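Asks: Would you mind keeping the following structure in view while I ask a few things?
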Amino acid sequence: MSARVIDGRALAAEVRERVAEGVREFAAARDGDLPGLATVVVGEDAASQVYVAGKRKQTEEVGMRSIHQQLGSATPQDELLDLIGSLNGDETVDGILVQLPLPGQIDQDAVIAAIDPAKDVDGLTATNAGLLAQGRPGLVPCTPRGVLELLRHAGAELEGAEAVVLGRSILVGRPLASLLLGENATVTVCHSCTRDLAAVCSRADVLVAAVGSPRVVTADMVKPGASVIDVGINRTEDGLVGDVDFDAVAEVAGAITPVPGGVGPMTIAMLLSNTLRAASDRPR
Ligand code: NAP
């Protein structure tokens, strides 16, 4: 293997330590008051339960308060919107995270739109997405923030670099494209209609895959020495794999993230960082 493997777990631990220090300073300046993160889960989706349990545990480990709301899978949309309204008005809540996906009877866009942008620690509201698109400060989605931190940590030169992002979701691809543009990279976003994916990818100095298909990025698509970040999480017969064919691509790339142990831990660390930021920015 020639590529340096970027250790997302170690970097996430550093971020959490910085957040914990920030929480101690926050509490000291505010008579022991602590930032609070509210998590909302609708239904019993197994992956969602695991993700949210991890988020709650780490919230408490950095010294913040975790407030959890578990709703039944048949919860009507109005009931969820009422809950979000009450969390918006709750002085003890600084961040609101509604775990996606939501059951079919609920309109995801309506739910995201109901979250107070000042408490939108997932950075999904139109207000925060718009601020990011305009290059202005706001709450930035956790996974793209984590990807940028991983690239910085790997020493990737972003200014003037050819950056290719696979995927255009509001959760990952689009906000990441804005962040990379903000770093003065030349950004190309690929999606399911991209004609010659291999040709576009092979130009990339920085290649980020957020597609949700196992091993769609193969070694022949990667420029020698490129920094490759794998956002994908795919459950296969071989276990958890990313969107990148890790073993083969690691022979070509300059740096690469593993799955698991790359982007995943950074996503939660950035959620904690966003919650501290939301708490610090909110007048109390
Ligand atoms: P998504 O909403 O399903 O979006 C997938 C994107 O990939 C879409 O834009 C789609 O194009 C594009 N796409 C699909 N097949 C493609 C192909 N063969 N070639 C090029 N583009 C293709 O997924 P997401 O929410 O962004 O998540 C992507 C992956 O990242 C998933 O595996 C998810 O589990 C993972 N994820 C991981 C974390 C983490 O913390 N590690 C966080 C979030 C997501 P169209 O727009 O044309 O359909």
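Asks: Can you pull out the residues in the range 157-207 that are part of a helix (DSSP H, G or I), over 23 Å from Pro141 (Cβ atoms) and open to solvent by 40 Å² or more (accessible area, probe 1.4 Å)?
Replies: Leu197, Ala199 - these are the residues of the range 157-207 that are part of a helix (DSSP H, G or I), over 23 Å from Pro141 (Cβ atoms) and open to solvent by 40 Å² or more (accessible area, probe 1.4 Å).
Asks: For the range 27-49, what are the residues that are surrounded by fewer than 20 Cβ atoms within 10 Å (Cβ to Cβ) and not aliphatic (A, V, I, L, M)?
Replies: Once the filter is applied, which keeps residues that are surrounded by fewer than 20 Cβ atoms within 10 Å (Cβ to Cβ) and not aliphatic (A, V, I, L, M), the range 27-49 yields Arg30, Asp31, Gly32, Asp33, Gly43, Glu44, Asp45, Ser48, Gln49.
Asks: Report the residue count in the range 99-125 for those that are over 21 Å from Ser280 (Cα atoms) and either part of a helix (DSSP H, G or I) or not polar (S, T, N, Q) (or both). Let's see the steps before the verdict.
Replies: Filtering the range 99-125 for residues over 21 Å from Ser280 (Cα atoms) gives 99-114.
Now restrict to residues that are either part of a helix (DSSP H, G or I) or not polar (S, T, N, Q) (or both): 100-104, 106-114.
Residues meeting the conditions: 14.
Asks: Can you give me the number of residues within the range 190-222 that are over 19 Å from Leu151 (Cα atoms), more than 10 Å from the ligand (Cβ to nearest atom) and not aliphatic (A, V, I, L, M)?
Replies: So the answer is 5.
Asks: Out of the residues in the range 126-145 that are more than 26 Å from Arg9 (Cα to Cα), among the polar types (S, T, N, Q) and outside any loop (DSSP other than H, G, I, E, B), state the one that is most open to solvent (accessible area, probe 1.4 Å).
Replies: Restricting attention to the range 126-145, the residues satisfying the condition of being more than 26 Å from Arg9 (Cα to Cα) are 126-137.
Those left that are additionally among the polar types (S, T, N, Q): 127-128, 134.
Right, trim to outside any loop (DSSP other than H, G, I, E, B) and you get 127-128.
On the way: Thr127: 74, Asn128: 8 Å².
Restricting to residues being more than 26 Å from Arg9 (Cα to Cα), among the polar types (S, T, N, Q) and outside any loop (DSSP other than H, G, I, E, B), the top hit is Thr127.
Asks: List, please: which pairs have Cβ atoms under 8 Å, are six or more places apart or on different chains, and start with a residue in the range 250-264 that is within 11 Å of Val228 (Cα to Cα) and end with one that is modelled with pLDDT under 95 and part of a loop (DSSP other than H, G, I, E, B)?
Replies: Listed by first residue and then by second, the contacts come to Ala250/Met1; Ala250/Ser2; Val252/Ser2; Ala253/Ser2; Gly254/Ser2.
Asks: For the structure I just gave you, tell me whether Leu34 is under 19 Å from the mean Cα position of the chain (by Cα) and not in a helix (DSSP H, G or I).
Replies: Numbers: under 19 Å from the mean Cα position of the chain (by Cα): no; not in a helix (DSSP H, G or I): yes.
Judged against the criteria, Leu34 is not a match.
Asks: With respect to the numbered conditions (1) of a type in the set (D, E, K, R); (2) within 29 Å of Thr125 (Cα to Cα); (3) out of contact with any Leu (no Cβ under 7 Å at 6 or more places or on another chain), which one is the sole condition not fulfilled by Arg195?
Replies: (2)
The values are calculated or read from the model by the stated rules, or taken from the named source; none is laboratory data. The structure displayed is predicted, hence computed values, not measured ones. We place every Cβ from the backbone using ideal geometry, glycine too, and count neighbours over all the protein chains shown. Each accessible area value is taken on the protein alone, full model and side chains, heavy atoms only, with ligands, DNA and RNA left out. Shrake-Rupley method; radii C 1.70, N 1.55, O 1.52, S 1.80 Å.
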